[in-house]
Amino acid sequence: MMPALQKPFAALERFRTDLLNTVNGLPASQLSFKPAPEAWSVLEVIEHLILVEKATLSYLQQKVSAAATLAPLGWESQWRCFLLICAMRSPLKFKTPTPLVLPASGRSLRELQNEWQALRQQWRATLSALTPAMLRLPLIRHPAAGRLTAAQGLRFIKAHFQHHLKQMARIQQAGRNKS
């Protein structure tokens, strides 16, 4: 994998393993606790993170197969990526831009862990197949920010992950306060 992709991918892997190490010690009641009826549980946040990564990877794989027909991105994508990451780092809450990434399965932590591990292996294989010429191509699309490069997409996924880590901390705190 090229260094421009290896570093952000390795950071995502560290975040994932740290998160899973943390939640593995939680009882099932805390994993499924919802602070409000319409709010998500820790398990649902994890499922959402997986669904976002899965949808992003699927789009990336489609675009890689059509890379010869794509034109490189310019400064506009850098600006859109910057704004997207600023939004993710802000304390603001956002509605999910597409229902495709809404959690709905009620799967166990073990099932989610296994799916996430397999998904990350697919990510690793796909990113390793990218060539230097593909680094400036629009291989990822965000519903609000538009087309992004693979490296910008990884930066978004990291910021998105960090955004939801804060949400999970709030959920856990609400669960402790309720007990």
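Summary of values
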quantity: Count of segment 114-150 residues which are among the aliphatic types (A, V, I, L, M) and in contact with a Cys (Cβ under 9 Å, 6 or more places away or on another chain); calculated: 2
quantity: Residue count, segment 137-158 (criterion: under 19 Å from Phe94 (Cα atoms), small (Gly, Ala, Ser) and either buried (at least 16 other Cβ atoms within 10 Å of the Cβ) or at pLDDT 95 or above (or both)); calculated: 2
quantity: In segment 61-75, residue modelled with the lowest pLDDT [restricted to those that are exposed (fewer than 10 other Cβ atoms within 10 Å of the Cβ) and in a helix (DSSP H, G or I)]; calculated: Trp75
quantity: Lone qualifier among Leu154, Leu139 - being on the phi < 0 side of the Ramachandran plot and over 13 Å from the mean Cα position of the chain (by Cα); calculated: Leu139
quantity: Residues (surrounded by fewer than 15 Cβ atoms within 10 Å (Cβ to Cβ), farther than 12 Å from Gln172 by Cβ and not acidic (Asp, Glu)) located in segment 16-34; calculated: Thr17, Asn21, Asn24, Ala28
quantity: Qualifying positions in segment 92-103 - touching a residue at least 24 places away in the same chain (Cβ under 8 Å) and assigned to a loop (DSSP other than H, G, I, E, B); calculated: Thr96, Pro97, Thr98, Leu102, Pro103
quantity: Qualifying positions in segment 53-78 - out of contact with any strand residue (DSSP E or B) (no Cβ under 8 Å at 6 or more places or on another chain) and under 21 Å from Thr96 (Cα atoms); calculated: Glu53, Lys54, Ala55, Leu57, Ser58
quantity: Subset of segment 99-136 (residues that are loosely packed, with under 12 Cβ neighbours inside 10 Å and at pLDDT below 90); calculated: Pro99, Ala104, Gly106
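One line per residue, one yes/no per condition, for (1) within 24 Å of Leu135 (Cα to Cα); (2) surrounded by 14 or more Cβ atoms within 10 Å (Cβ to Cβ); (3) hydroxyl-bearing (Ser, Thr, Tyr); (4) out of contact with any Phe, Trp or Tyr (no Cβ under 8 Å at 6 or more places or on another chain):
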{"residue": "Lys7", "(1), (2), (3), (4)": "yes, no, no, yes"}
{"residue": "Arg14", "(1), (2), (3), (4)": "yes, no, no, yes"}
{"residue": "Ala36", "(1), (2), (3), (4)": "no, no, no, yes"}
{"residue": "Ala55", "(1), (2), (3), (4)": "yes, yes, no, yes"}
{"residue": "Tyr59", "(1), (2), (3), (4)": "yes, yes, yes, yes"}
{"residue": "Ser77", "(1), (2), (3), (4)": "yes, yes, yes, yes"}
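The values are calculated or read from the model by the stated rules, or taken from the named source; none is laboratory data. Since the model is a prediction, treat every value here as computed from it, not as a measurement. A quick note on method: Cβ atoms are made from the backbone with ideal geometry, for glycine too, and the neighbour counts reach across all protein chains shown.
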